[in-house]
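Enquirer: Structure in structure tokens, see below.
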Amino acid sequence: MLRTAFGVASAMILLLGCGGNRVKNSEVIWRPFDSPEGKFGIELPGDHRTTYSQQGDIAVTTLNVPFPDKDFSVSVGRLLAVDIDLLAPIRELAKAHNGNIVTTGKPGQRFYGHPGREFEIEVEKPRRGFASGRILIADGKIYQILAIGEAMQLSDPLVQRFLNSFTIAK
């Protein structure tokens, strides 16, 4: 269950999101957000909703910034074991959305000094588009930074700004 928890969380975000902020890309207002409990910081492109869910044995907190055509989210959960296959949640996300994995980055990738994977998935549901993001493990927690939408490929400047704004608190 540990392997699929964040794939399921991602599926929930994609199904529940896509709504709130009604602005064009040029009008996105980036706001810094610091999570003392999650021990991370990130710039969010608008007002966020916080949800709490239980994914197997993992209590997951998700910050979601929905737009009509895209979503940005950060999820964090405390791991019971640190031996996790980082490709498993990416595969689950692809499966949940009839998607095809475009890239999962290189084995041994590190973000902020911690093991992780960058990924891009072409998704078919609930509508056609891309899910791009990073999954990483740090200090007994698993983090998923995710952008989903019609044009949300890793090469998109909005996606890069979002992913690169993430930091782990010391």
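The values are calculated or read from the model by the stated rules, or taken from the named source; none is laboratory data. Worth saying up front: this structure is predicted, and the values here are computed from it rather than measured. Cβ sites come from the backbone with ideal geometry, for glycine too, and all protein chains shown count toward neighbours.
Enquirer: I need the full set of residues from segment 29-60 which are part of a strand (DSSP E or B), touching a Leu at 6+ places or on another chain (Cβ under 6 Å) and surrounded by 14 or more Cβ atoms within 10 Å (Cβ to Cβ), in order please.
Expert: So the first thing to find is which residues in segment 29-60 are part of a strand (DSSP E or B), and the list is 31-35, 40-44, 49-55, 58-60.
Pick out the ones that are also touching a Leu at 6+ places or on another chain (Cβ under 6 Å) and you get 31, 33, 50.
Phe33 - this is the single residue of segment 29-60 that is part of a strand (DSSP E or B), touching a Leu at 6+ places or on another chain (Cβ under 6 Å) and surrounded by 14 or more Cβ atoms within 10 Å (Cβ to Cβ).
Enquirer: Cβ contacts < 7 Å: first residue closer than 14 Å to Ile121 by Cα and at pLDDT 95 or above, restricted to segment 140-160; second residue among the β-branched types (Val, Ile, Thr) and part of a loop (DSSP other than H, G, I, E, B), any location; separation 6+ or different chain. Result?
Expert: From residues that are closer than 14 Å to Ile121 by Cα and at pLDDT 95 or above, there are no pairs.
Enquirer: Here is a further query. Which one is surrounded by the fewest Cβ atoms within 10 Å (Cβ to Cβ) among residues in segment 143-170 that are part of a helix (DSSP H, G or I) and among the hydrophobic types (A, V, I, L, M, F, W, C)? Quick ask: steps written out before the conclusion?
Expert: Of the residues in segment 143-170, the ones part of a helix (DSSP H, G or I) are 157-164.
Checking the rest, the ones that are also among the hydrophobic types (A, V, I, L, M, F, W, C) come to 158-159, 162-163.
Values: Leu158: 17, Val159: 24, Phe162: 27, Leu163: 19.
The selected residue is Leu158.
Enquirer: Under 7 Å by Cβ, and 6 or more places apart or on different chains, what pairs join a residue from segment 96-112 that is closer than 19 Å to Ala131 by Cα with one that is in a loop (DSSP other than H, G, I, E, B)?
Expert: What qualifies is His97/Glu124; His97/Lys125; Asn98/Glu124; Asn98/Lys125; Gly99/Glu124.
Enquirer: Please specify each residue of segment 54-85 satisfying the condition of being in contact with a Phe, Trp or Tyr (Cβ under 9 Å, 6 or more places away or on another chain) and not polar (S, T, N, Q). Lay out the reasoning, then the answer.
Expert: So the first thing to find is which residues in segment 54-85 are in contact with a Phe, Trp or Tyr (Cβ under 9 Å, 6 or more places away or on another chain), and the list is 55, 58-66, 72, 74-77.
Scanning segment 54-85 gives Ile58, Ala59, Val60, Leu63, Val65, Pro66, Phe72, Val74, Val76, Gly77.
Enquirer: If you don't mind, there's one more thing I want to ask. Residue by residue through segment 61-94, note down the ones that are buried (at least 23 other Cβ atoms within 10 Å of the Cβ) and either free of Cβ contacts under 8 Å to residues at least 40 places away in the same chain or in a helix (DSSP H, G or I) (or both).
Expert: Pro89, Ile90, Leu93
Enquirer: If you check Arg117, Arg128, Arg134, which single one turns out to be in contact with a Ser or Thr (Cβ under 6 Å, 6 or more places away or on another chain) and either closer than 21 Å to Thr167 by Cα or among the charged types (D, E, K, R) (or both)? Before the answer, list the steps.
Expert: Details: Arg128 fails: in contact with a Ser or Thr (Cβ under 6 Å, 6 or more places away or on another chain); Arg134 fails: in contact with a Ser or Thr (Cβ under 6 Å, 6 or more places away or on another chain).
Exactly one residue qualifies, and that residue is Arg117.
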